[in-house]
Structures are given as C-alpha cells and as structure tokens.
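Reviewing the structure listed below.
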Amino acid sequence: MKTNKSFLKRLKVTKNGKIIGRKPGLNHFNAKTSRSKQLAQKRGQNFAMTGKEKSRFLPGLL
C-alpha cells in the first residue's frame with residue numbers, strides 16, 4: 001500500500017517514532033497575541049494515531 005503523501009506532508013515522524021503535527025488555528029488573528037505566545041504556538045504537538053490509522057496513512061514509515 002502507498003503512503004498518503006498529502007497527509008505525510010503535514011506530519012513529522014521523529015527518530016523514536018512519535019508523530020508531530022501542527023496545532024490548528026494559527027493562520028490568522030495573530031497580531032494581538034504576544035510574541036512569546038506566538039513562538040509557543042509554533043511548536044508542534046504530539047499527534048495521536050491508532051495502529052490502524054498508522055498502517056493506513058503511513059505504511060512505509062513505521
């Protein structure tokens with residue numbers, strides 16, 4: 001089965017196998033927020049996926 005490339009571009013798989021994704025809601029309305037909060041939002045968050053979802057979307061990576 002092929003890897004879903006459009007889905008893969010939105011994720012990063014770390015060396016230990018964790019999946020990091022971008023936090024939602026960061027595209028606009030960021031002018032009012034402080035710089036420290038903007039930088040904190042920029043970090044990715046752990047992306048929870050079941051084994052079935054991993055095998056469906058990321059078969060060659062995990």
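A short reminder: the numbers here are calculations on the coordinates, not readings from a lab. No experiment lies behind these values; they were computed from the predicted model shown. Backbone-built Cβ (ideal geometry, glycine too); neighbour counts: all protein chains shown.
Things worth noting here:
- All positions within the stretch 1-33 that are among the aliphatic types (A, V, I, L, M) and under 21 Å from Gly51 (Cβ atoms): Met1, Leu8, Leu11, Val13, Ile19, Ile20
- Spans of helices (runs of 4 or more DSSP H) in the chain with at least 2 residues in contact with a strand residue (DSSP E or B) (Cβ under 6 Å, 6 or more places away or on another chain), of a type in the set (Ser, Thr, Tyr) and surrounded by 10 or more Cβ atoms within 10 Å (Cβ to Cβ): none
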